[in-house]
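*Asks:* Please find one structure pasted underneath; my questions will follow.
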Amino acid sequence: QVQLVESGGGLVQPGGSLRLSCAASPTIFSIYAMGWYRQAPGKQRDLVARITSSGEINYADSVKGRFTISRDNAKNTVYLQMNSLKPEDTAVYYCNGHYLLFDYWGQGTQVTVSS
């Protein structure tokens, strides 16, 4: 069983930055495709960014140029650097790990962008 634990959420003003972290244990972390998803109240959960085991990355159009996903396989951790945050980025952010038929989710971390 893989456990994913997110951290780094919080309240930030528009234009500010946050860095989310997701620690995975115990697992052969490097084989997993890792992703960040978000869900705003009353909306579906959508992909924000994803990084495969080989390092291929894709982003939602709404965050391109502002968010950066990265992974550190030695630390079993995936990161999401979020810059130039907007009120519409407000949501619960979830970490996801995927390999073949296996799909794991973290508990989520709240990100609120407000002045």
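*Asks:* FRET efficiency for Gln3 and Gln44, Cβ-Cβ distance as r, R0 = 25 Å, nearest 0.05?
*Replies:* On the way: r = 24 Å, r/R0 = 0.98.
Taking R0 as 25 Å, the efficiency between Gln3 and Gln44 is 0.55.
*Asks:* Another question, then. For Leu100 and Ile57, compute 0.36 nm times the residue count separating them, minus their Cα-Cα distance, and round to one decimal in nm. Mind dumping the intermediate values first?
*Replies:* On the way: separation 43, 0.36 × 43 = 15.48 nm, distance 1.79 nm.
Stretched out fully, the Leu100 to Ile57 stretch lengthens by 13.7 nm.
*Asks:* On a full-extension model of 0.36 nm per residue, what is the gain between Ser70 and Ser25, subtracting their alpha-carbon distance, rounded to one decimal in nm?
*Replies:* Gain on stretching Ser70 to Ser25: 14.5 nm.
*Asks:* Let me ask something else. Across every pair of different alpha-carbon atoms, what Kirkwood hydrodynamic radius in Å does the chain reach?
*Replies:* Evaluated over the chain, this radius sits at 14.0 Å.
*Asks:* Mind giving me the nanometre distance, one decimal, between the label points for Ser114 and Ser17, set 7 Å out from Cα along Cα→Cβ?
*Replies:* Inter-label distance under the simple model: 2.5 nm.
*Asks:* Quick one: Karplus J couplings for the stretch 35-45, per residue in order, coefficients 6.51, -1.76, 1.60, θ = phi - 60°, nearest Hz, x for Gly and Pro?
*Replies:* Ordered by residue, 3J(HN,Hα) equals x, 10, 10, 9, 9, 8, x, x, 10, 7, 7 Hz.
*Asks:* Taking trypsin sites (Lys or Arg not before Pro) that fall in a DSSP loop and have at most 12 other Cβ atoms within 10 Å as cut points, what is the longest piece of the chain between them? Display every interim value, and only then the final one.
*Replies:* Working: sites that count: Lys43, Lys64.
Result for the longest clean stretch: 65-115.
*Asks:* Now a separate question. I'd like the carbon and sulfur percentage of the solvent accessible area for the chain, probe radius 1.4 Å, heavy atoms only, ligands and nucleic acids excluded.
*Replies:* Numbers: 3040 of 6100 Å².
Looking at the chain in its full context, I get 50 percent from C and S.
The values are calculated or read from the model by the stated rules, or taken from the named source; none is laboratory data. The model shown is predicted, which means the values in this text are computed figures rather than measured ones. Ideal geometry is used to build each Cβ from the backbone, glycine not excepted, and the neighbour counts take in all protein chains shown. The protein model used for the area step is the full one, side chains on, heavy atoms only, and it has no ligands, DNA or RNA in it. Shrake-Rupley method; radii C 1.70, N 1.55, O 1.52, S 1.80 Å.
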